[in-house]
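Notes follow once the structure below has been shown.
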Amino acid sequence: MKEAREQADEIIERARKAGDVHQQAAVDEARAERERLLEQTRRDIAAETSRAIDEIRREVADLTVQATERLTRKSLNAKDHQRLVEDALRELDFSSLSAGAS
């Protein structure tokens, strides 16, 4: 009877240890998955921020050209367009938008 009890205690202890190992593995796996998802979310946010900034730049360029054409009442040539766009973009401060993506 004593031997059977010792064997039962040993079996229970091995089962407990196996359960602890399994539980720790599940916790580690969940942590790794959480980190993977967080990193993917960070990359998605950075990409979307970059796309939004590019869209804003294009809109500013278009609006600058339209406003300039209205003010001068003439159509600008390609060189004039490029110069105005570059001038407008140089004057804008996008650093606050870019800082939010970091």
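Points worth noting:
- Complete set of residues in the range 16-50 that are under 25 Å from the mean Cα position of the chain (by Cα) and of a type in the set (A, V, I, L, M, F, W, C): Val27, Ala30, Ala32, Leu37, Leu38, Ile45, Ala46, Ala47
- Test: residue in the range 66-80 that is under 31 Å from the mean Cα position of the chain (by Cα) and part of a helix (DSSP H, G or I): no
- Residue in the range 88-101 that is hydrophobic (A, V, I, L, M, F, W, C) and modelled with pLDDT of 85 or more present: no
- Flag: Thr64 matches the condition of being touching an Asp or Glu at 6+ places or on another chain (Cβ under 9 Å) and closer than 30 Å to Gln82 by Cα.
The values are calculated or read from the model by the stated rules, or taken from the named source; none is laboratory data. Since this is a predicted model, take the numbers as computed values, not measurements. Using ideal geometry, Cβ is built from the backbone for each residue, glycine included, and neighbour counts are taken over all protein chains shown.
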